[in-house]
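Here's the structure we're looking at; comments come further down.
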Amino acid sequence: MKIDSHQHFWKYNPVKDAWIDDQMKVIRRDFLPADLEPLLVENQFGGCVAVQADQSEDETLFLLDLAKNNPFIKGVVGWIDLSAETIGEHLQYYTKYEKLKGFRHIIQAEADIDFMLQEKFQNGISKLEEYNYTYDILIFPKHLENAAKLVAKFPKQKFVIDHLAKPDFKNKKFEEWETGIRTIAQFPNVMCKVSGLVTEADWNNWTAEDFTYCLDIVTEVFGIDRLMFGSDWPVSLLAASYAESCEIVEDYFSKFSKADQDKFWSRNTIDFYQLEE
């Protein structure tokens, strides 16, 4: 069975979720496990990893509570203040939650492009390995140079790049992205999620061919052992149904061997996040 390595849940709040603007009305509502489970079953998925969408520890606890009550949620990537002086104590507190697998910070929203190079933030990253937590890197292509500096500093920490680092599919401007992704892929402790494709394209006029160039590159530089599928549901609904998001990559990876397809759709995610099977 396949595993969706990247999706979200939320109870819509117009203040907390102000990023959901008027163009995004289709996702301006609650999205909870009962909404996702039928889609997983329909598309032959055995489970998923729920990823934070709000930067609060309340969000982390909310996702962990959902995971506790919904066995198909195999793991949670939460949020924690990595820059806090008490980061070690906070991480120790969370060790009692078996389904908590790692953390993410929405770096793409930080005004300071050098945010991830700040000493306090890097101190937080330095503590994750001790507790066997992963780190999801959410960035734009302009951040890839700094992301490479970050992962170089922590060679034993497990990192994964979300959404291919968001190449500009809409305008097909890939030069900065390609340079950066080729550089960061050289670090063996970094994986890449093939996720969030359609939301970086023209929401109403994308075709599967729009993604081929970048899929060719990440497949070349990361190799099949360091790629995993993520739907980015429900954000992906801005441009595609759950099934359509799957079909893009199903078609692309159909030329790979059964063993390699199994790695992409499940094994790599299970191993990276250490999910129970």
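Label-point separation (nm) for Ala109 and Asp58, each offset 7 Å from Cα along Cα-to-Cβ?
1.4 nm
Quick one: dipole size for the chain, taken about the Cα centre, charges +1 on Lys/Arg Cβ and -1 on Asp/Glu Cβ, in debye to the nearest 20.
460 debye
Of the accessible area of the stretch 213-277, with the probe set at 1.4 angstrom, what percent is carbon plus sulfur? Walk me through the numbers before you get to the answer.
On the way: 1190 of 2570 Å².
With neighbouring chains kept in place, the figure for the stretch 213-277 is 46 percent.
With the full set of protein chains in place, find how many percent of the accessible area of the stretch 116-210 is carbon and sulfur; take the probe as 1.4 Å. Could the numbers behind the result be given before it?
Details: 1970 of 4290 Å².
Whole-percent figure for carbon plus sulfur exposure: 46.
Could you tell me which of rounded, prolate or oblate describes the chain, using a ≥ b ≥ c as the square roots of the eigenvalues of the alpha-carbon gyration tensor, with rounded for a/c under 1.5 and, failing that, prolate when a/b is larger than b/c and oblate otherwise? Don't jump to the answer; show the numbers that get you there.
Numbers: a/c = 1.27, a/b = 1.11, b/c = 1.15.
Here the chain falls in the rounded category.
If you take every residue apart from Arg28 with its C-beta less than 13 Å away from the C-beta of Arg28, what net charge results, scoring Lys and Arg +1 and Asp and Glu -1?
On the way: positive: Lys11, Lys16, Lys25, Arg29; negative: Asp17, Asp21, Asp22, Asp30.
Within the 13 Å Cβ shell, the charges total 0.
Express in nm, to one decimal, how much length is gained between Lys258 and Ala34 on full extension, taking 0.36 nm for each residue of separation and deducting their alpha carbon distance. It would help to have the intermediate numbers written out before the result.
Numbers: separation 224, 0.36 × 224 = 80.64 nm, distance 3.07 nm.
Additional length available on full extension: 77.6 nm.
Between Thr86 and Glu277, what is the FRET efficiency for a Förster distance of 45 Å, r being their Cβ-Cβ separation, to the nearest 0.05?
0.85
Once label points are set 7 Å from the Cα along Cα→Cβ at both Val41 and Thr95, what is their separation, rounded to one decimal in nm?
In this crude spin-label approximation the distance works out to 3.9 nm.
Is the stretch 226-277 best put as rounded, prolate or oblate by its Cα gyration tensor, with a ≥ b ≥ c the root eigenvalues, rounded for a/c under 1.5, and otherwise prolate when a/b is larger than b/c, oblate when not?
Details: a/c = 3.00, a/b = 1.31, b/c = 2.28.
It comes out oblate by the Cα gyration axes.
The values are calculated or read from the model by the stated rules, or taken from the named source; none is laboratory data. Remember, predicted model here, so these are calculated numbers, not experimental data. Backbone-built Cβ (ideal geometry, glycine too); neighbour counts: all protein chains shown. Only protein heavy atoms, including side chains, enter the accessible area calculation; ligands, DNA and RNA are left aside. Shrake-Rupley method; radii C 1.70, N 1.55, O 1.52, S 1.80 Å.
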